[in-house]
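K.L.:
Sharing a structure below in C-alpha cells format, with a few things to ask.
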Amino acid sequence: MAVDGLLAVGGILSLALGISGLLLVRQSLQEIIWNKKFGAQLLCWSFVCKGVANGVRSVGYEVDAWRFVLYSGHFADQIFAGCMVLLALIFPVPLLRNKRQFKFGVIAVITYTFLSMISAVFLNVNTPLAGLGDAYIVCGFIWATVYLKFRFMKGHEDDKEIQGVADVAILLFIMVIGHILFRWVGLFALSDYFYFMDIYGGNYTTDYLWSMGLASAVIFGLVICLGELLQLIRGNIRATSYVVFTYMLIGMVGHIVLSGTGNSGSGGGTSAGSDYSPFQEIWTQITSAVHFTMMRPIIGLFVLFRYGLIRISEDNQQVGKTMSIVLIVVATSALLEIVQSLMPITEMLSAGILGIAIAFGIGWEERSFQSLISDPIRFPLRKKGTYFPEVVFERTNFITLDKAVSAAILFSLALSYILYMSNVNPFE
Amino acid sequence: MTQDETLWSLIKEEDSGRSFAILVSILFLGLMFHAYSFFVLKEDDIRNKNSISNYAIMFDEQIEQNSDSVLVGDGETNEFTLSRQDASADAFGMIAKISMTISYTETSGELLDPCDEVMVNIPPNGMVADWENEENILADSNDNCEDMNLLVFVYPDYDGQAYNASGESEDHWIEVWSDETFGSGMLTLQISVDVNDPPSSTLPTVNDENEEIQVNWSITFFEPNVASLDT
C-alpha cells in the first residue's frame, strides 16, 4: 500500500474515532469532571480534523482540485492544532482554572487559529504565522511539565492515580509528537533528514519556525525519556515507559536507515522524500506514516476510555464497542496491507490471514474493551484539589463548543472551495 | 481545602517550580543549539535544499578494433559472432555502437572472373541493443567487390556529444549512462556468397567454389563523466 493509501486509512480511522467519540460524549449520562468532558470533545474534534486533513490529502496533489486539497488540509491542520493546544490547557491538569480563564484561553486559541487561516488566505500558506508548529511547542511544553511534576511527586511514587496523570501526559505527548521522535537523533547529528523538514518550503523564516517546533518536540521527548530512564534505575518502571523507550529506540535505528538522505518530504517527515531509497521509503512508511495515521487514533481511543474521558454505561456501550471494532478491523487490515507490500504473499493468502487476524482482533477486543472501560483511572480529585479545580459549566457550554468547532470545519471547507474556484496561488 | 485559581500558584509550588525551571532551561539550551545549527552550520544546505542542480555530462570514448576472415562456400551462409568479450581486456565502460566493414576480392585467380555476390545481414537479436534506431545499417549486398559498412547503435540515445542536464543527482546521471544491459549478448553477422563464374568456367581446370570475406569490426566504448555546474 502506498503512503497515500495509508493516509486514506488514517483518515477513516480518525473520522470514525472522532464522530463516534462525539456521539458517546453526547450520550454519556454519567457525571464527568468538566476538564475531562471538554477534553473528550476536543480530542474527538481533533480527530475529525485529522480525518478531514488525511482524507483529502490521500487524493494527492496531482489532481485538478489540488488547491482544494492543499487549503482544506492546511486549514484542518490549523483547527487540529487549536484543539490540541486547548486540550493541553485543560487536560490532564487544567491550567485554565476558572470560567474566566477558560473563556480567555478559548478566545486566544480561536483568535490565533483564525489569524493563521487569514494569513494563509491573504498572504500565502508558508508565512511564518501559518508555519509555527504551535501544537508541538505548546502541547509538548505543557505535557512535559505535567509529566515531570506528577512522575516525580515526592511521596507519591506508588500512587496509581498520581502516576496516572503522568502516564496520560506521556500518551498524549506521544500521540501528537511520536512521529517526530522517530527522527530525534537527526537534531543532534545535524542530519539533512531532520533539518530539511518543512511545511511547504520557500520561506527560510517559516522553515526555521517549523523546524524549531520539531526541535522542541525532540527536546521534550528526550526529557521524558531521561526521566523514565531515571525511574527505571529506581525500579519504578511503568507501561508507558516502554512506549517512550520504543519510540526513542526506533529513532536511533531510524538514524542509521535515514542517514545520507536529503529532502525529507514535508511536514513531520511522515512521507518519504524524493531521493529516498526503496528501503528508506519502507522504513518511513512502517514507522512515521503508521504512527501518524494509525497509532494516533488508537492511542486516542485508549486515552478516551482508560482515563475516563468517556464513561461507558449500558446506554452507550454498544456505540463504544462498535467504535472499537471499527478501529481494530480497519487498523488490522491496513497493517496487513503494509505487510503484503513488503512480503511477496499472494492476495488469496493475505485475505486468509486478514480473516484470521480480524477474528483474533475482535476476540481480543471483547476482552480488552471490558478491562479498558471497567476501571477507568480517576485523577486525584480529592487528594490534590489544588490541581483539579471544580468549575461548573452548563450543558449548553459543551454544546456551544461542538457547534463552534463544526462551524469552523465547515467554514474552512467552504473557504477552501472558494479559493480553489478562484484559482488563487497559495504561494504568492 | 481552599481552591487557588491562579496558574501562578501551580508554578511557584516547590516541586512544580523545579520541574518548570528544569524544562525551561533544557528547552532554552536545546533551541539555542538548534538555532545555531539552522542559521550557521547548515544554512547553505537548507537554503539550497530545493534548488535544482545543473550538471555537465561528458563522455570518454575508446574504440576497439580488430579483423577476422570468414570463408564462405558458394550458396552457403556462414555466421560471424561478436561480443563484449572479443574486445581487449583494456576496454572499459558501456558499448555505444558496433560498426563492421565487410570487404572481399575475387580470389579465384581466373582470368576475367567477376566478383562474387556477397550478402551481409545482422539479425536484430542476440545482443541487447538499440535495434529500433533508424540510423542502424543492418544489411547490405554487392557483386562488385566494394566494401560494405554495417552499423549497430547499442546504447539508446547515445551520440557521444556532451550536454547539460538539470535536476536529480550526480549519481542519477551516472546511472542513466551506465546500464550494462545494453551490449550484453552476442551480435551475429550472417554472410552469404553466390559465386559468379568466370567465362572460362566450362573448363575443368577452372574452380571458383568459395570466397574469403574480411570482416573489420570496431566497438566504440564510452564512460560517462558528470560534473556539477553549480558553484
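K.L.:
Taking the conditions exactly as written (open to solvent by less than 40 Å² (accessible area, probe 1.4 Å), over 18 Å from A:Thr386 (Cβ atoms), in the same structural domain as A:Gly221 (by TED's automatic domain parsing) and not charged (D, E, K, R)), does A:Ala130 satisfy them or not?
P.N.:
Yes, satisfied.
K.L.:
Oh, and also: Residues that are of a type in the set (Ser, Thr, Tyr) and within 11 Å of another protein chain (Cβ to nearest Cβ): list the helices (runs of 4 or more DSSP H) wholly contained in the stretch A:54-151 that include at least 3 such residues.
P.N.:
By residue number, no helices (runs of 4 or more DSSP H) qualify.
K.L.:
Tell me yes or no: at least one residue of the stretch A:245-258 is assigned to a loop (DSSP other than H, G, I, E, B) and modelled with pLDDT of 85 or more.
P.N.:
no
K.L.:
Give the residue that is farthest from the chain's Cα centre (by Cα), with candidates limited to residues of the stretch B:147-168 that are open to solvent by 50 Å² or more (accessible area, probe 1.4 Å) and on the phi < 0 side of the Ramachandran plot.
P.N.:
B:Asp147
K.L.:
Give A:Thr261, A:Thr206 a once-over and let me know the one that is over 30 Å from A:Lys149 (Cα atoms), within 13 Å of chain B (Cβ to nearest Cβ) and not in a loop (DSSP other than H, G, I, E, B).
P.N.:
It is A:Thr206.
K.L.:
Among the residues of the stretch A:210-243, what is the count of those that are at the interface with chain B (Cβ under 10 Å from one of its Cβ atoms) and over 19 Å from the mean Cα position of the chain (by Cα)?
P.N.:
Total meeting the criteria: 3.
K.L.:
Test A:Ala65 against the criterion of being in the same structural domain as A:Thr206 (by TED's automatic domain parsing) and crowded, with 22+ Cβ neighbours inside 10 Å, and give yes or no.
P.N.:
no
K.L.:
With respect to the numbered conditions (1) open to solvent by 10 Å² or more (accessible area, probe 1.4 Å); (2) within 16 Å of the chain's Cα centre (by Cα); (3) of a type outside the set (Phe, Trp, Tyr), which one is the sole condition not fulfilled by A:Gly82?
P.N.:
Single failed check for A:Gly82: (1).
K.L.:
Suppose we filter A:Asp192, A:Asp158 for residues that are open to solvent by 10 Å² or more (accessible area, probe 1.4 Å), more than 21 Å from B:Val40 (Cα to Cα) and acidic (Asp, Glu); which single one remains? Talk me through it step by step, then tell me what you get.
P.N.:
Working: A:Asp192 fails: more than 21 Å from B:Val40 (Cα to Cα).
One residue alone meets the criteria, A:Asp158.
K.L.:
Moving on. List the helices (runs of 4 or more DSSP H) inside the stretch A:158-198, counting only whole elements, that have at least 1 residues being of a type in the set (D, E, K, R) and farther than 22 Å from A:Ser241 by Cβ.
P.N.:
Answer list for the stretch A:158-198: A:192-195.
K.L.:
Within the stretch A:376-393, is there a residue that is at pLDDT 75 or above, farther than 20 Å from A:Tyr307 by Cα and either within 14 Å of chain B (Cβ to nearest Cβ) or loosely packed, with under 15 Cβ neighbours inside 10 Å (or both)?
P.N.:
Taking every residue of the stretch A:376-393 in turn, at least one turns out to be at pLDDT 75 or above, farther than 20 Å from A:Tyr307 by Cα and either within 14 Å of chain B (Cβ to nearest Cβ) or loosely packed, with under 15 Cβ neighbours inside 10 Å (or both).
K.L.:
Of the residues that make up the stretch A:164-183, is at least one under 23 Å from A:Thr287 (Cα atoms), open to solvent by 20 Å² or more (accessible area, probe 1.4 Å), touching a residue at least 40 places away in the same chain (Cβ under 8 Å) and not polar (S, T, N, Q)?
P.N.:
So far as the stretch A:164-183 goes, no, none of its residues is under 23 Å from A:Thr287 (Cα atoms), open to solvent by 20 Å² or more (accessible area, probe 1.4 Å), touching a residue at least 40 places away in the same chain (Cβ under 8 Å) and not polar (S, T, N, Q).
K.L.:
Could you count how many residues in the stretch A:5-36 are within 18 Å of the chain's Cα centre (by Cα) and open to solvent by 40 Å² or more (accessible area, probe 1.4 Å)? Before you say what the answer is, go through the steps one by one.
P.N.:
If we filter the stretch A:5-36 for residues that are within 18 Å of the chain's Cα centre (by Cα), which is where we start, we get A:6-22, A:36.
Remaining after also requiring open to solvent by 40 Å² or more (accessible area, probe 1.4 Å): A:12, A:15, A:19.
Residues flagged as within 18 Å of the chain's Cα centre (by Cα) and open to solvent by 40 Å² or more (accessible area, probe 1.4 Å) within the stretch A:5-36 amount to 3.
K.L.:
Take the residues of the stretch A:296-327 that are modelled with pLDDT of 80 or more, farther than 17 Å from A:Cys49 by Cβ and not in a loop (DSSP other than H, G, I, E, B): which is most open to solvent (accessible area, probe 1.4 Å)?
P.N.:
Looking only at the stretch A:296-327, we keep the residues that are modelled with pLDDT of 80 or more, and these are A:296-311.
This time we only want the ones that are farther than 17 Å from A:Cys49 by Cβ, so: A:298, A:302, A:305-311.
Checking the rest, the ones that are also not in a loop (DSSP other than H, G, I, E, B) come to A:298, A:302, A:305-306.
Values: A:Ile298: 64, A:Phe302: 80, A:Phe305: 2, A:Arg306: 61 Å².
Among them, the one singled out is A:Phe302.
The values are calculated or read from the model by the stated rules, or taken from the named source; none is laboratory data. What you see is a predicted model; the values in this text were computed from it and never measured. Backbone-built Cβ (ideal geometry, glycine too); neighbour counts: all protein chains shown. Heads up: the accessible areas ignore ligands, DNA and RNA and are worked out on the full protein's heavy atoms, side chains in. Shrake-Rupley method; radii C 1.70, N 1.55, O 1.52, S 1.80 Å.
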